[in-house]
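Read-outs: derived from the displayed coordinates by stated rules, not from any lab. Please read these numbers as outputs of a predicted model, since none were measured by experiment. As a convention, Cβ positions derive from the backbone with ideal geometry for all residues, glycine included, and neighbour counts pool all protein chains shown.
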Amino acid sequence: MDGRPPRTILVAGAGIAGLTAALAFAARGFRVQLFERATKFEEIGAGIQLSPNATRILGRLGVLDAPGGTVAPEAVVLKDGKSLRELARVPLGKAAEARWGAPYLVAHRADLHAALLARAAEHAGIRLHPGAVAAGAAYEDGAVTAAIERGSRLENVAGALLVAADGVWSDLRRFVKGSRASRPTGTMAWRALVETASPAGRALAPLAPPDRVTAFLNPALHLVVYPLRGGAMLNLVALTRGDAGPGSWANALDTGPLARAMRGFAPPLAGLAEVAKPWTAWPIHAVDPDGPWTDRRGLALIGDAAHAMTPFAAQGAAMAVEDAWVLATLVAEAPNDLPAALTRYEAIRRPRIRRVVRRGAFNHFTWHASGPVALARNLVLAARSPDRLAADFDWLYGWRPEG
């Protein structure tokens, strides 16, 4: 990287994508300057599913070494939301680890973030800058210079590469010529956390035992329930039609639309909009993955900044983790030819991202199906054994970075 600050990587955003990128680059001997808009980290968000393609990488980075925090569910179970009849079961637990070579875990997003932060703090090659926003990029003499805003102060920081891990509403995406803007998908994610011993938790126990991920399907919405923090809590995610504009994890909205959508569920699911309060609402926005993700002079988008997707395949975080690892690997393999490394990054990642997006769209269509389509879905699922259902995920969960 002649003419560039030697082996210095700038990362914008200290979320899951940015922290994973920082760790992946630091593991390969790069120095990392990590800039985060927030001045302090709060416990935000709710549950997150970490499939084996993500935990394989997180394990290599030492993020899964800390005890507690995660739960390894025994299965993913699909149920009809009205009849409560089981439609399908995908074995996880030890079966997942044996099949895909890494565990399938669920965790509170804040717990995963804390583990990533702790691992980054242990690494001498990573320096975190809270209260700092990467607001621009310029290129000169083979280096990228990021414009960093710290309150009312503006400073320029140079590096070999600027990694934009600043999310679906990325400030840096506009610096990639031809990139696609985020767009509303017309879907709302309603989230609630309940204690297993609470009235809502006790009502859910017979329907969604805390040793599995349970998805209840209905044309108006689907509800996913799974355990957190050793089974002491349950994470509830209900996906419905609607949009409230850009926001944050802490959006508190009228739950009337959620309650109406849940009327098609059997008791006690139908009353969860009231029983499981408080709910927060998150409007789902997406980014077309076919837009460019890089400026070959020294800027790369990863995760939601590049290709934010709907949650119907539960792969948003996993794809960000994969992006970070692949990008760091390719840059380390061609440290003196950054344009070639960034070209390979897009070429390698884009087909996989497209396939995951298609899988999410397929899940959305089938999980919210009604009438003859729902009947056909149920017949197909009934004809497939748990092992055959698991085999459908080999391409996704069995992915390995070295491949």
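Numbers for the structure displayed
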quantity	calculated
Among PHE35, PHE25, PHE175, residue whose mean-square fluctuation peaks in a GNM of the chain (springs only between Cα atoms under 10 Å)	PHE175
Residue-span extension gain [ALA361 to ALA38] - 0.36 nm each, minus C-alpha spacing	113.0 nm
Computed lengthening from ASP254 to LEU379, 0.36 nm per intervening residue step minus Cα-Cα distance	41.3 nm
Surrounding net charge for PHE35, when Lys and Arg each add one and Asp and Glu each subtract one, Cβ distance under 12 Å	-2
222 nm mean residue ellipticity, helices alone, for the chain (DSSP H n ≥ 4; -39,500 (n - 2.57); rounded to 500)	-10000 deg cm²/dmol
Packing rank of 52-60, 148-156, 205-213, where each peptide gets the mean count of other beta carbons within 10 Å, highest leading	52-60, 205-213, 148-156
Cross-link reach list, aspartates and glutamates versus LYS79, counting only Cα pairs under 15 Å and skipping chain neighbours closer than eight places	none
Net charge of Cβ neighbours under 15 Å - reference THR366; Lys, Arg +1; Asp, Glu -1	+3
Spin-label zone in segment 388-403 - amide nitrogen under 16 Å from a point set 7 Å from the Cα of ILE348 along the C-beta vector	399-403
Counted charge near ALA22, where neighbours are those whose Cβ lies closer than 15 Å (Asp, Glu -1; Lys, Arg +1)	+2
Electrostatic dipole magnitude of segment 250-372 [Cβ: Lys, Arg +1; Asp, Glu -1; Cα centre; debye, to 20]	360 debye
Translational diffusion coefficient (Stokes-Einstein; Kirkwood radius from C-alpha pairs) of segment 18-169 at 25 °C, 0.890 mPa s, in µm²/s	137 µm²/s
Of all DSSP beta bridges in the chain, antiparallel share, percent nearest 5	70 percent
Charge dipole magnitude, Cβ of K and R +1, D and E -1 - the chain, Cα centre, debye nearest 20	760 debye
Charged-residue dipole, Cβ positions (Lys, Arg, Asp, Glu), segment 352-403 about Cα centre, Debye nearest 20	220 debye
Segment 333-375 and segment 53-99: distance between their alpha carbon centers, rounded to Å	21 Å
Vicinal HN-Hα couplings computed from phi for segment 138-148 (Karplus, 6.51 cos²θ - 1.76 cosθ + 1.60; Hz; Gly/Pro x)	9, 10, 6, 6, x, 10, 9, 10, 8, 7, 10
Projected label distance in nm at ALA135 and ARG85, using a 7 Å step from Cα toward the beta-carbon	5.9 nm
Helix 16-27 vs. the chain, principal-axis angle (Cα, 0 to 90°, nearest 10)	50 degrees
Over the chain, relative contact order from alpha-carbon pairs under 8 Å, at least 6 apart, %	22 percent
Using θ = phi - 60° and Karplus 6.51 cos²θ - 1.76 cosθ + 1.60, couplings along segment 107-122 (whole Hz; Gly, Pro as x)	7, 6, 3, 5, 5, 5, 4, 4, 5, 5, 4, 4, 5, 5, 5, 6
Candidates LEU64, LEU375, LEU128, ranked by Gaussian network fluctuation over the chain, Cα under 10 Å, top entry	LEU375
Residue with peak Gaussian network fluctuation, the chain [Cα springs, cutoff 10 Å], from GLY371, GLY316, GLY242	GLY371
Spin-label pair GLU274/ARG400, simplified geometry with 7 Å Cα→Cβ offset, distance in nm	5.4 nm
Amide H contacts of ALA308 (H built 1.01 Å from N, under 5 Å, at least 5 apart or other chain)	VAL287
Distance between modelled label sites at ALA121 and ALA232, nm, 7 Å Cα→Cβ extension	1.9 nm
